[in-house]
Amino acid sequence: MPTITRRFRRTAATAVALAAGSSLALTGTASAQAKPAAGSTVTSAQLTAGLYQSSYSERNHVLWATAAVGRPPVTKSSLMKVDPRSLAVRATYTPPVTDPATGAVEAVYGVAVDDEHNTVWTTNTRNNSVSVYSQRDGKHLASLPNVAHAREIVVDERRDTVWASGFGDGTLVAFDSRTFKEKKRVTVTGSQPTGLALNKRTGTVYAADLGGDRIVEVSPHAKEPRLIPTGDGPISIALSADGRTAYTADQAAGSLSVVDLRKGAVAKTVPTGAGALSVATDVRSGKVLVANRGAGNVTVVDPRKGTVVETIATGANPNHITVTRGTAYVVDKSAVGTERQDQAHRIRIGR
């Protein structure tokens, strides 16, 4: 999931800034940071260079994280099994080699777990494919082609389906999570799908369309995708617990859009910080968290009031956020220390 170049000019919103007051951990260890005023607590640890995304497995109580370094031929990439409490790396798995002459590997970027089948799925952006690994031992099980510039992935365990976004050709591709066979392909001409979210109850999948400033809604019962307007440069998307509201991190605007899905319209716009890049919902409290890459922090938003209730410093360039049971995991691209490693942050969200 390398950095995307927009096809047209927009408001500059990707400036890089160090997070004022952030505390960095020693290599290989985790450290508790100061408690922010609103009550959240942060623990941080250096993991490796090139972090991209993470996904939490409730079945195994593991945080899976992806890393890839450099441009093709990418020779350094890993899928890591991380302890969600200590942030210590339990195991590291290297993707298969794709070119013995250069040592290039099938570099991993996006990630999502399938606890029903005990697998973990990755997007291999540079290789236009997705892969499946065993959660038990990290074994590479399959590589599935024809997902152009594969960016993100989401798992529908109830329907044995995995969706991937193809940024390169405006396509959402569904795979059978048991057989690994392609089962559906939906293309919206001219779109640039990036982040994905799933309504677990209905099976409807939502994609942030970076180029079209809209949400692409694909329902199992609809003949055609529904297009819903949102903010400037949506790159990540999350849903409310009841599935009636979508939240998009709008990279160009540096804001969060609160979208009423029934009405198909933006209900609120909340400024969060430069380069809003990733969004997740804390279903326990209803709060929404946005990782702002340019600002170097995470903002906690009350979507009902449309206000920021807390700003939490991370390392520089937070890249992705995932939330489970009141705990957020953020991976950054801070390149700290002598080994230039990126960090993971464990945030206990204040009530």
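Below are the figures for this structure:
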{"quantity": "Set Lys263/Lys287; Lys76/Lys287; Lys263/Lys333; Lys81/Lys263 screened for pairs whose C-alpha atoms are more than 32 Å apart", "calculated": "Lys76/Lys287; Lys263/Lys333; Lys81/Lys263"}
{"quantity": "Ordering of 279-288, 87-96 by burial proxy (mean other Cβ atoms within 10 Å per residue, highest first)", "calculated": "279-288, 87-96"}
{"quantity": "Label-to-label distance, nm, for residues given as Arg351 and Arg284 (7 Å Cα→Cβ offset)", "calculated": "0.9"}
{"quantity": "From phi via Karplus (6.51, -1.76, 1.60), per-residue ³J(HN,Hα) for the stretch 345-351 in Hz, x at Gly/Pro", "calculated": "10, 9, 10, 8, 6, x, 7"}
{"quantity": "Exposed-site-free run, longest, the chain (rule: GluC sites (Glu not before Pro); DSSP loop; at most 15 other C-beta within 10 Å)", "calculated": "117-338"}
{"quantity": "Anchor Lys181: aspartates and glutamates whose Cα lies under 16 Å away (excluding residues fewer than 8 positions away in-chain)", "calculated": "Asp114, Asp156, Glu157, Asp160"}
{"quantity": "Selection from Val205, Asn297, Tyr247 lying farthest towards where the dipole of the chain points positive, charges on Cβ", "calculated": "Tyr247"}
{"quantity": "Size of charge dipole - the stretch 103-256 - debye, nearest 20, with Cβ of Lys, Arg +1 and Asp, Glu -1, no other charges", "calculated": "340"}
{"quantity": "Semi-axis lengths, Å, the chain, gyration tensor of Cα atoms, sqrt of 5 times eigenvalues", "calculated": "26, 26, 19"}
{"quantity": "Most to least accessible of Val205, Val69 (protein chains only, probe 1.4 Å)", "calculated": "Val69, Val205"}
{"quantity": "Efficiency of FRET between Ala148 and Thr92 - r from beta-carbon atoms, R0 25 angstrom, step 0.05", "calculated": "0.30"}
{"quantity": "Computed FRET value (nearest 0.05) for Arg59 with Ser219, which takes r as the C-beta separation and R₀ as 25 Å", "calculated": "0.35"}
{"quantity": "Total charge dipole magnitude, the stretch 64-170, about the Cα centre, Cβ charges on Lys, Arg, Asp, Glu only, Debye to nearest 20", "calculated": "380"}
{"quantity": "Histogram of C-alpha separations across the stretch 74-218, 5 Å bin width, %", "calculated": "2, 10, 20, 22, 19, 14, 9, 4, 1, 0"}
{"quantity": "Protection proxy ranking of 222-231, 187-196, 43-52 - average other beta-carbon atoms within 10 Å, highest first", "calculated": "43-52, 187-196, 222-231"}
{"quantity": "Probe 1.4 Å - accessible area at His117, Å² to nearest ten", "calculated": "60"}
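The values are calculated or read from the model by the stated rules, or taken from the named source; none is laboratory data. Everything numeric here is computed off the predicted structure, so don't read it as measured data. Methodologically, a virtual Cβ is constructed for each residue, glycine included, from the backbone with ideal geometry; neighbour enumeration extends over all protein chains shown. Keep in mind that these areas ignore ligands, DNA and RNA; they rest on the heavy atoms of the full protein, side chains included. Shrake-Rupley method; radii C 1.70, N 1.55, O 1.52, S 1.80 Å.
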